[in-house]
Amino acid sequence: MERDSQLKLHEAVADQLKEAHTRVRALQVPEGVRMALSRKLLVISAAAKHDLATAARRLDRLMKDLDEGRFPEGN
């Protein structure tokens, strides 16, 4: 039973990561901002390999920031 819930969480996170990457690519923002968002997505992807629940929460937070137009500052 727990394995099924983990599998569903993996699928949900994978789908949400794919959506996040698509949204970041489509943003009309300076390249530095896009790179900062891409780095965040890479960190979340790496974290998902070790702690899926925490990665899911971080991804939810990032998606909410994208929805609300809050972007990191690009260098």
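The values are calculated or read from the model by the stated rules, or taken from the named source; none is laboratory data. Since the structure is predicted, the reported quantities are computational estimates derived from the model, not experimental observations. All Cβ positions, glycine included, derive from the backbone under ideal geometry; neighbour counts span all protein chains shown. In case anyone asks, the SASA skips ligands and DNA or RNA and just uses the protein heavy atoms, side chains included. Shrake-Rupley method; radii C 1.70, N 1.55, O 1.52, S 1.80 Å.
Here is a check on your reading of the model: is ARG39 of a type in the set (D, E, K, R), in contact with a helix residue (DSSP H, G or I) (Cβ under 8 Å, 6 or more places away or on another chain) and surrounded by 11 or more Cβ atoms within 10 Å (Cβ to Cβ)? When the stated conditions are applied, ARG39 does not pass them. The residue of the stretch 20-38 that is farthest from THR54 (Cα to Cα), among those that are free of Cβ contacts under 8 Å to residues at least 24 places away in the same chain and assigned to a helix (DSSP H, G or I), is ALA26.
Taking the condition among the small types (Gly, Ala, Ser), open to solvent by less than 40 Å² (accessible area, probe 1.4 Å) and closer than 16 Å to PHE71 by Cβ, does ALA55 pass? The answer is no for ALA55. Restricting the first member to the stretch 48-66 and to residues that are outside any helix (DSSP H, G or I), and the second to residues that are open to solvent by less than 80 Å² (accessible area, probe 1.4 Å), the beta-carbon pairs closer than 9 Å and six or more apart or on different chains are LYS49/ALA55.
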